[in-house]
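Okay, so here's the structure we're looking at.
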Amino acid sequence: MNNAEQQSSEVTKNKPGNKVSSVIRKGWLSLQNVTLLRGGSKDFWFVLNTESLTWYKDDEEKEKRYVLLLDGLKIRDIETGFFGKKHVFALFYPDNRNVYKDYKQVELCAESAELVDSWKASFLRAGVYPSKAKSEKAEQSDNSSLDASEPQLERQVEIIRNLVDSYMKIVIKTQLDLVPKLLMHMLVNEIKTFLKGELLPNLYQAGDLNSLMSESLGVQQKRDEMVRVYDAMKEALNIISEVSMSTVSTPIPPPVNDDWLQNDNSAGGLAAPGSTGPPPPSPTANRRPPPPPPGGWNASNTGSIKGSASRQPPSVPSKTGSGQLPSPLIPQ
């Protein structure tokens with residue numbers, strides 16, 4: 001039905017009462033707000049003549065639904081919104097009388113803008129003209145009504161603005177979250193497809209495989225540098241090992257025991273710097289023999305003890321005429 005061919009003709013019909021009317025146009029149109037649930041539409045076959053607009057159930061024109069007289073009617077366009085796909089125009093009375101049943105206007109819909117323009121041209125031929133612009137008084141009355149309802153409109157606008165802002169925030173957050181993930185997903189899939197299907201043929205197509213496996217200049221320089229460092233470290237370790245093996249360390253001699261000097265100085269006092277005399281005997285003559293080891297007493301030990309006991313005690317050095325002790329010997 002929607003794809004039926006529109007018909008426009010200048011056919012003259014004879015009606016009862018010898019009234020002659022000229023048919024201007026015939027075709028399918030959708031009548032809005034005629035279903036049980038308002039907001040729907042239904043297709044009818046419309047016949048437009050110079051005096052009335054009649055619509056039938058189908059194009060056979062047997063079952064007539066309604067006849068609308070054109071006297072006093074005006075035509076205007078209806079906005080269907082941003083997402084609306086239909087093209088709607090309406091017939092109405094300027095004094096806000098009911099046009100069809102309890103409707104203030106009859107809304108007709110066509111499939112394309114060209115059909116709407118052709119129907120509007122046909123209504124112009126029938127004497128139905130577009131509505132004129134509002135007069136200044138009507139505009140002033142509208143402005144006053146808007147001023148009266150301004151607080152309510154402001155509240156409604158504020159609510160709508162808040163809803164739009166929250167919705168846009170949700171949309172922006174969703175886009176910021178999904179777009180990077182989608183990009184990464186697409187990149188990973190593209191790389192996966194390339195690795196599975198195109199990488200190996202491209203490698204074989206590149207040329208000599210030996211040239212592909214050859215070492216690059218940067219890697220070769222790095223390898224040579226590492227070899228030089230390794231050789232230098234190896235040579236340094238060899239030198240260190242040779243030095244450590246050929247060097248002989250001498251132990252440090254024990255410190256000299258000079259306690260006997262302190263004892264002699266404390267017993268006889270310091271010698272005069274200008275005194276002369278024979279040097280004192282070696283302090284080793286006045287030392288006692290070391291004690292025998294424990295548990296080691298035997299005949300040899302007893303004999304040595306007896307021999308040592310039979311020895312004469314060391315001679316005491318004679319005093320000099322000055323009455324001072326000679327200066328001790330300093331070991332060299």
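The figures follow:
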{"read-out": "Restraint check, Lys62/Lys101; Lys57/Lys104; Lys62/Lys104; Lys64/Lys120; Lys42/Lys101, Cα-Cα greater than 18 Å", "value": "Lys62/Lys101; Lys57/Lys104; Lys62/Lys104; Lys64/Lys120"}
{"read-out": "Gln105 long-range amide H proximity, modeled H, under 5 Å", "value": "Val99, Tyr100"}
{"read-out": "HN-Hα J in Hz across the range 150-160 - Karplus 6.51, -1.76, 1.60, θ = phi - 60°, x for Gly and Pro", "value": "4, x, 5, 5, 4, 5, 5, 5, 5, 5, 5"}
{"read-out": "Theoretical gain in end-to-end length, Trp260 to Leu178 [0.36 nm per residue, Cα-Cα removed]", "value": "19.7 nm"}
{"read-out": "Where only C-alpha atoms are counted, convex hull volume of the range 147-201 per residue in Å³", "value": "65 Å³"}
{"read-out": "For the range 42-102, diffusion coefficient by Stokes-Einstein and Kirkwood Rh (Cα), 10 °C, 1.306 mPa s, µm²/s", "value": "119 µm²/s"}
{"read-out": "Packing rank of 65-78, 209-222, where each peptide gets the mean count of other beta carbons within 10 Å, highest leading", "value": "65-78, 209-222"}
{"read-out": "Relative packing of peptides 164-177, 108-121, 248-261 - highest average C-beta neighbours within 10 Å first", "value": "108-121, 164-177, 248-261"}
{"read-out": "Sorted by Cβ density within 10 Å, fewest first, the residues Leu48, Leu195", "value": "Leu195, Leu48"}
{"read-out": "Under 16 Å from Lys181, Cα to Cα: aspartates and glutamates that are on another chain or at least 8 residues apart", "value": "Glu190"}
{"read-out": "Charge dipole of the range 147-201 about the Cα centre (unit charges at C-beta), most positive-ward option of Tyr167, Gln152, Leu200", "value": "Leu200"}
{"read-out": "Interchain or long-range residues, amide H under 5 Å from Ile24's placed H", "value": "Leu48, Asn49, Thr50"}
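Only the coordinates and a few stated rules stand behind these numbers; no lab work does. On a predicted model such as this, the values are computed, not experimentally measured, just so you know. Counting neighbours? That spans all protein chains shown, and the Cβs are built from the backbone with ideal geometry, glycine included.
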